[in-house]
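Report on the structure given below.
The values are calculated or read from the model by the stated rules, or taken from the named source; none is laboratory data. Remember, predicted model here, so these are calculated numbers, not experimental data. Glycine also receives a Cβ, built like all others from the backbone with ideal geometry; neighbour counts cover every protein chain displayed. Each accessible area value is taken on the protein alone, full model and side chains, heavy atoms only, with ligands, DNA and RNA left out. Shrake-Rupley method; radii C 1.70, N 1.55, O 1.52, S 1.80 Å.
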Amino acid sequence: MLITKLLTDLGRYLIMLGNGLHRPENSRMYYKETMRQMNDIGVGSAAIVIMIALFIGAVTAVQFAYQLDGTLVPVYYIGYIVRDSTIIELAPTITCLVLAGKVGSNMAAEIGGMRQKEHIDAMEIMGVNTASYLVMPKVIAAMIVIPLLVAIAAFVSVIGGYVAAVLPGYMSSEEYIQGVRSFFVAYNVFLMFLKAIVFAFLLTSVSCYQGYFVTGGSIELGKASTNAVVFSNVLILLADYLIAVIFT
């Protein structure tokens, strides 16, 4: 029974994506919707992303300084570890997990509300490809804006590490900067953006799917919003593991 439901959901999900890839009826309307989604996702989420990234960098620096206490490892390694852990893992993963809760649940509730009020049915009667109009602008906008948010998160996290490591006196400013500049591998930045794009696609498409096929009343809409966050987070973590295995 569970396998049948999983296969049914997978088939409906792929059909929705396939319908969404069709050529839009009105390119200008789709462009405006994509710009609106980029503003909602990017500008609306910037503050929470910056705040979380700042504390991620600060906590990483403090914890690693604690681990280095009494060892022979050079203290400038704190900056090196903060930079690499942020770029490779913390910035893309934590940022997208947070956005799955903020952006994903909102998308599921928005589209689910339209489904319940029969707005989607009315649009389909008028000949509008609702999967393309309601889903794809959100997916495209997320795949453009979320990597930018992840890059900002990585930068702010390094600053947070600087504040937490230098101001309390764990190390000097020169030592932290030396660590940030040491052993840099450009491939890690590629991995960061790859994860951000994949995670953005997953959290938006899965959330839209949950709202697009919602049935029933307000209770079912609440469950769809919850499922959007839960399934998005699970798939993000699974994709994170697969990317790490394949590309590292």
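Annotations
- When only the Cβ of Lys, Arg, Asp and Glu is charged (+1, +1, -1, -1), the dipole of region 1-95 relative to its Cα centre reaches about 440 debye.
- Under 21 Å from the Cα of Lys117 - lysines, other chains or at least 8 residues apart: Lys138, Lys223
- Angle in degrees between helix 218-247 and the longest Cα principal axis of the chain, rounded to the nearest 10: 50
- With Cα atoms, 0 to 90° folded angle of helix 186-212 axis to the chain main axis: 30
- For region 1-84: rounded, prolate or oblate by the Cα gyration tensor [a/c cutoff 1.5]: oblate
- Quarter of Cα convex hull surface for the chain, i.e. mean projection, nm²: 15.9
- Placed amide H near Val75: partners under 5 Å, 5+ positions off or other chain: none
- Cα pair distances in region 125-208, grouped into 10 Å bins until the bin that holds the longest one, percent each: 15, 31, 24, 16, 9, 4, 1
- Put the Cα centre of region 154-168 next to the Cα centre of region 229-248 and the gap is 27 Å.
- Average projection, convex hull of the Cα set of region 75-166: 6.8 square nanometres.
- Listed residues Ser232, Ser45, Ser157, most fluctuating in the chain (Gaussian network, C-alpha, under 10 Å): Ser45
- Euclidean distance between Cα centres, region 90-122 to region 19-55, Å: 12
- Surface composition of the chain: carbon and sulfur make up 70 percent of the accessible area, probe 1.4 Å.
- Lys/Arg +1, Asp/Glu -1 at C-beta; the chain dipole; positive extreme among Val62, Gly113, Gly79: Gly113
- In terms of packing, defined here as the mean over residues of other Cβ atoms within 10 angstrom, the peptides 61-68, 121-128 line up highest first as 61-68, 121-128.
- Relative to the longest principal axis of the Cα atoms of the chain, the long axis of helix 2-20 makes an angle of roughly 80 degrees.
- When peptides 12-23, 32-43 are ranked by their average number of other Cβ atoms within 10 Å per residue, the highest-first order is 32-43, 12-23.
- Taking 0.36 nm per residue of sequence separation and removing the Cα-Cα distance, the Arg28/Thr226 pair yields an extension gain of 68.0 nm.
- Remark: the chain carries 52 Å² of accessible area per residue (probe radius 1.4 Å; ligands, DNA and RNA excluded).
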